[in-house]
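Single-structure report; data block below.
The values are calculated or read from the model by the stated rules, or taken from the named source; none is laboratory data. Note that the coordinates shown come from a computational prediction; the quantities given were computed from them, not determined experimentally. Methodologically, a virtual Cβ is constructed for each residue, glycine included, from the backbone with ideal geometry; neighbour enumeration extends over all protein chains shown. Just so you know, the surface numbers come from the protein's heavy atoms only, side chains and all, with ligands and any DNA or RNA stripped out. Shrake-Rupley method; radii C 1.70, N 1.55, O 1.52, S 1.80 Å.
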Amino acid sequence: MAKKSRSAGGTPATVALEKAGAAFTVHSYAHDPASELSYGLEAAEAMGTSPDRVFKTLVAEVDGALTVAVVPVSASLDLKALAAAVGGKRAAMADPAAAERTTGYVRGGISPLGQRKALPTVIDASAGGFETVFVSAGRRGLEVELAPAVLAGLTSAVTAPVARR
């Protein structure tokens with residue numbers, strides 16, 4: 001995988017990847033604001049990639065603490081499993097404004113990488129079944145492809161089955 005220069009993306013996510021010396025590839029596509037697909041499904045379709053390999057970044061609140069879940073766009077988040085993965089009791093989706101303010105990204109472009117404030121992160125166990133996965137690079141229409149182990153290492157994530165099909 002090639003490393004891309006800041007001019008290829010220039011988001012906090014790509015800067016964090018470059019700073020870490022990580023192998024990654026930036027993929028861009030024309031985001032259609034009128035698309036009725038979810039941001040992640042739009043990305044998978046635009047890149048011609050299986051939705052199982054494209055992961056969305058969701059921000060939830062577990063026992064009052066913001067927590068990131070990275071799950072395939074073809075699945076939904078199991079909030080009970082997320083809470084259990086981080087040793088919590090209750091989880092609910094976070095207020096979108098709080099998620100944007102805390103991560104520094106806009107909804108549909110939240111990346112698990114390069115967040116304004118590093119949050120506890122859980123990556124769905126299915127990511128381990130792929131050589132590389134795609135996650136948001138920090139804005140709509142921009143994705144990074146990288147090894148799941150690199151993503152987990154850079155986000156200090158735990159891996160657990162938190163997706164529900």
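The set of residues from segment 45-93 being under 18 Å from Leu113 (Cα atoms) and either of a type in the set (Phe, Trp, Tyr) or in contact with a Leu (Cβ under 7 Å, 6 or more places away or on another chain) (or both) comprises Phe55, Leu58, Val59, Ala60, Leu66, Thr67, Val68, Ala69, Val71, Val73. When segment 140-165 is filtered for residues that are without any contact (Cβ under 8 Å) to a residue 60 or more places away in the chain, of a type in the set (Gly, Ala, Ser) and buried (at least 17 other Cβ atoms within 10 Å of the Cβ), only Ala152 remains. Just to verify a result, which residue in segment 8-51, among those that are polar (S, T, N, Q) and not in a helix (DSSP H, G or I), is least open to solvent (accessible area, probe 1.4 Å)? Per the stated criteria, the residue is Thr11.
Summed over segment 106-139, residues that are charged (D, E, K, R), within 18 Å of Thr14 (Cα to Cα) and surrounded by 22 or more Cβ atoms within 10 Å (Cβ to Cβ) total 0.
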